[in-house]
Amino acid sequence: DTGVSQNPRHKITKRGQNVTFRCDPISEHNRLYWYRQTLGQGPEFLTYFQNEAQLEKSRLLSDRFSAERPKGSFSTLEIQRTEQGDSAMYLCASSAGETQYFGPGTRLLVL
Amino acid sequence: EDQVTQSPEALRLQEGESSSLNCSYTVSGLRGLFWYRQDPGKGPEFLFTLYSAGEEKEKERLKATLTKKESFLHITAPKPEDSATYLCAVPWGGQNFVFGPGTRLSVLP
């Protein structure tokens, strides 16, 4: 399978804990995106990387959220001091042009 | 101000009953309008990209069309396996893609 992969697929954590998600994009794609999706809503843009450079971040993105893409390959999204409102599906997508291809997502539940 | 809206919110069809979903956008200088299908618990799956008014794309029972302010996803003779949420998205400045809330389609046998 050469699609976008995400790990873990599910994460349950307690409020206040830190969590980290990983995304492995399609190998030849230099663009990588993170989105958050809550029930009944479309994906909400969080951040965008071109190669290893983080070029865009949503103004709505709390400073508890940080993302990295070392060496322009896989990416990690970390949420510090999780809150119940962080419960959502976190989606990663990659692209070589305008069309984005999504991974299966990581579902986060904060208790 | 809403940038991308979709209607209806939910749609229930009998198998074989054709219909259309709507996506309206307010962005100027459109760089493309994207349609995705999303099954429960999965990531969105790419369907179509449309770039200019009048453009049409087809895939099996689906046809997407684009005007200056909206796009339609026409579903002809749908089958139960077409049941999913259909999302549209537009780039909004740079690489910030804005998605609509989606239309939940149920096709009953």
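The values are calculated or read from the model by the stated rules, or taken from the named source; none is laboratory data. On a predicted model such as this, the values are computed, not experimentally measured, just so you know. So basically every Cβ, Gly included, is an ideal-geometry build from the backbone, and we count neighbours across all protein chains shown.
Given the structure, is residue A:93 modelled with pLDDT of 95 or more, facing another protein chain (nearest Cβ under 10 Å) and within 11 Å of the chain's Cα centre (by Cα)? Judged against the criteria, residue A:93 is a match.
For the range B:81-104, which positions are more than 14 Å from chain A (Cβ to nearest Cβ) and of a type outside the set (Ser, Thr, Tyr)?
Once the filter is applied, which keeps residues that are more than 14 Å from chain A (Cβ to nearest Cβ) and of a type outside the set (Ser, Thr, Tyr), the range B:81-104 yields B:81, B:82.
Filtering the range A:1-18 to residues that are surrounded by fewer than 16 Cβ atoms within 10 Å (Cβ to Cβ) and either of a type in the set (Val, Ile, Thr) or in a loop (DSSP other than H, G, I, E, B) (or both) leaves A:1, A:2, A:3, A:8, A:9, A:12, A:14, A:15, A:16, A:17, A:18.
In the range B:20-34, the residue that is nearest to the other protein chains (Cβ to nearest Cβ) out of those that are of a type in the set (Gly, Ala, Ser) and not in a loop (DSSP other than H, G, I, E, B) is B:24. Considering A:8, A:43, the condition of being under 20 Å from residue B:39 (Cβ atoms), at pLDDT 95 or above, out of contact with any Gly (no Cβ under 8 Å at 6 or more places or on another chain) and at the interface with chain B (Cβ under 10 Å from one of its Cβ atoms) is satisfied by A:43 alone. Does at least one position in the range A:63-80 carry a residue that is within 11 Å of another protein chain (Cβ to nearest Cβ), among the small types (Gly, Ala, Ser) and touching a Leu at 6+ places or on another chain (Cβ under 7 Å)? Looking through the range A:63-80, none of the residues is within 11 Å of another protein chain (Cβ to nearest Cβ), among the small types (Gly, Ala, Ser) and touching a Leu at 6+ places or on another chain (Cβ under 7 Å).
Of the residues A:56, A:28, which is under 14 Å from the mean Cα position of the chain (by Cα) and acidic (Asp, Glu)?
None of the other options fit; the residue is A:56.
Among the strands (runs of 3 or more DSSP E) confined wholly to the range A:19-111, which include 2 or more residues that are charged (D, E, K, R), on the phi > 0 side of the Ramachandran plot and surrounded by 18 or more Cβ atoms within 10 Å (Cβ to Cβ)? Where strands (runs of 3 or more DSSP E) fall fully within the range A:19-111, none carries at least 2 residues being charged (D, E, K, R), on the phi > 0 side of the Ramachandran plot and surrounded by 18 or more Cβ atoms within 10 Å (Cβ to Cβ).
So that you can scan it fast, the table gives a plain yes or no per residue for (1) at pLDDT 95 or above; (2) in a strand (DSSP E or B); (3) surrounded by 17 or more Cβ atoms within 10 Å (Cβ to Cβ):
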residue	(1), (2), (3)
B:41	no, no, no
B:58	yes, yes, no
B:65	yes, yes, yes
B:86	yes, yes, yes
B:95	no, no, yes
B:107	yes, yes, yes
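Just one of the listed residues (A:108, A:55) is out of contact with any Pro (no Cβ under 6 Å at 6 or more places or on another chain), farther than 23 Å from residue B:34 by Cβ and within 14 Å of another protein chain (Cβ to nearest Cβ), namely A:108. Reported count of residues in the range B:6-33, each being of a type in the set (Val, Ile, Thr) and surrounded by 15 or more Cβ atoms within 10 Å (Cβ to Cβ), is 1. Scoring residue B:78 on the criteria (1) surrounded by fewer than 17 Cβ atoms within 10 Å (Cβ to Cβ); (2) away from chain A (no Cβ under 14 Å); (3) in a loop (DSSP other than H, G, I, E, B) leaves a single failure, condition (1).
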